[in-house]
1. So which residues in region 290-318 are part of a helix (DSSP H, G or I) and farther than 19 Å from residue 57 by Cβ, if there are any at all?
2. Within the group 181, 200, 130, 115, which residue is more than 30 Å from residue 339 (Cβ to Cβ) and in the same structural domain as residue 40 (by TED's automatic domain parsing)?
3. Among the numbered conditions (1) within 28 Å of residue 66 (Cβ to Cβ); (2) at pLDDT below 90, tell me where residue 155 comes up short.
4. What is the number of the single condition among (1) surrounded by 12 or more Cβ atoms within 10 Å (Cβ to Cβ); (2) under 24 Å from the mean Cα position of the chain (by Cα); (3) touching a residue at least 12 places away in the same chain (Cβ under 8 Å) that residue 308 does not meet?
5. All but one of (1) without any contact (Cβ under 8 Å) to a residue 60 or more places away in the chain; (2) buried (at least 16 other Cβ atoms within 10 Å of the Cβ); (3) more than 18 Å from residue 83 (Cα to Cα); (4) in the same structural domain as residue 105 (by TED's automatic domain parsing) hold for residue 313, so report the exception by its number.
6. With respect to residue 321, determine if the residue is in a helix (DSSP H, G or I) and either at pLDDT below 90 or not assigned by TED's automatic domain parsing to the domain that holds residue 33 (or both).
7. Evaluate region 251-263: report whether one residue or more is modelled with pLDDT of 65 or more and out of contact with any strand residue (DSSP E or B) (no Cβ under 7 Å at 6 or more places or on another chain).
């Protein structure tokens, strides 16, 4: 049974009455366009796949560290902690931090919730994080204690009870603060229309781009099915597109379907790309739709993607991780943070100009800059941690004192000259 053998498997007690997860399951199903919408069917759409991938990979790309509060203020990496090594490098022996975060984000974007099993040692320290399938998890509330409980069904169909302190639960937008709602489920009609349009296009071109029609015969046919099968064999499919049909015995072929251009098939597919991008708040150019992209607006759209799409997800994940992974005595002293700056790095010239200004104004030390550029740090003797300012600049209060400043420094005033 693997890692889940740590948990006790049992039937659902009678007192479990309040279901938290039933609402999210309710919304999956058939949309108005007649297509069954689930996370699996939605991922078959290239737009959904691209949106999920670009967000998941962006979150997984950023470095993730545990920071501790310095007595003098500010934060410093707590690289010596087990939790930092888990989050930054290897949450479990089977996957890297990148893969784990990519998996968790994919679950969030498709199911609205993501779960990982928390493994602790005898001292209560987190020593492992294992992702759990969101579709196999049920979250319920005990009607007596009002505590959340997690029921996970493994591949063998066995149900396991997990305490809330043993589960890292990340959730997206929801109505109760506990469960997130799946974007796929909430927008199933838009996804269903996209699936229907894709199926229509596949069938259209699979039939040789010939609309459906009828074959009329002046007499009476003894075996219509045989004629239909013969027609599809000789003229059906994209491989037979453009073939010349030969009709015998006075038969005629008549179109009865609406022409493809009149049904505005291409316009529908284009609109659905924008519709799905709107659901996930992803700029279309980031998934390969460059129709409305220009050289001047792509950079700003990329900045908006980090600000309005990635940053809210990052804040959710950081706070959920701190809530579930930090011990009560560690909360307030430690923080879990993503390095969002790695997504906002401009070109080399722009970065160097920004560093130059920050260095001159005493904002950055040499090591601050080198760390951002993944360069080897300088020693204290070489001035790596020194903060410098322009020597011609003086405090405002001293500037207001006028000649007194010069006298205090052994200089003559203008009046004396």
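1. Taking region 290-318 first, the residues part of a helix (DSSP H, G or I) are 298-318.
Scanning region 290-318 gives 299, 300.
2. Details: 181 fails: more than 30 Å from residue 339 (Cβ to Cβ); 130 fails: more than 30 Å from residue 339 (Cβ to Cβ); 115 fails: more than 30 Å from residue 339 (Cβ to Cβ).
That would be 200, the only listed residue that is more than 30 Å from residue 339 (Cβ to Cβ) and in the same structural domain as residue 40 (by TED's automatic domain parsing).
3. (1)
4. Result: residue 308 passes all but (1).
5. Single failed check for residue 313: (1).
6. Details: in a helix (DSSP H, G or I): yes; either at pLDDT below 90 or not assigned by TED's automatic domain parsing to the domain that holds residue 33 (or both): no.
The answer is no for residue 321.
7. Within region 251-263 (the criterion being modelled with pLDDT of 65 or more and out of contact with any strand residue (DSSP E or B) (no Cβ under 7 Å at 6 or more places or on another chain)), the answer is no, since none of the residues qualifies.
Residue-by-condition table, conditions (1) out of contact with any helix residue (DSSP H, G or I) (no Cβ under 6 Å at 6 or more places or on another chain); (2) touching a residue at least 40 places away in the same chain (Cβ under 8 Å); (3) farther than 25 Å from residue 314 by Cβ:
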position: 104; (1), (2), (3): yes, yes, no
position: 116; (1), (2), (3): yes, yes, no
position: 119; (1), (2), (3): yes, yes, no
position: 141; (1), (2), (3): yes, yes, yes
position: 153; (1), (2), (3): no, no, yes
position: 160; (1), (2), (3): no, yes, yes
position: 164; (1), (2), (3): yes, no, no
position: 174; (1), (2), (3): yes, yes, no
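The values are calculated or read from the model by the stated rules, or taken from the named source; none is laboratory data. Since the model is a prediction, treat every value here as computed from it, not as a measurement. Here Cβ is always computed from backbone atoms with ideal geometry, including for glycine, and neighbour counts include all displayed protein chains.
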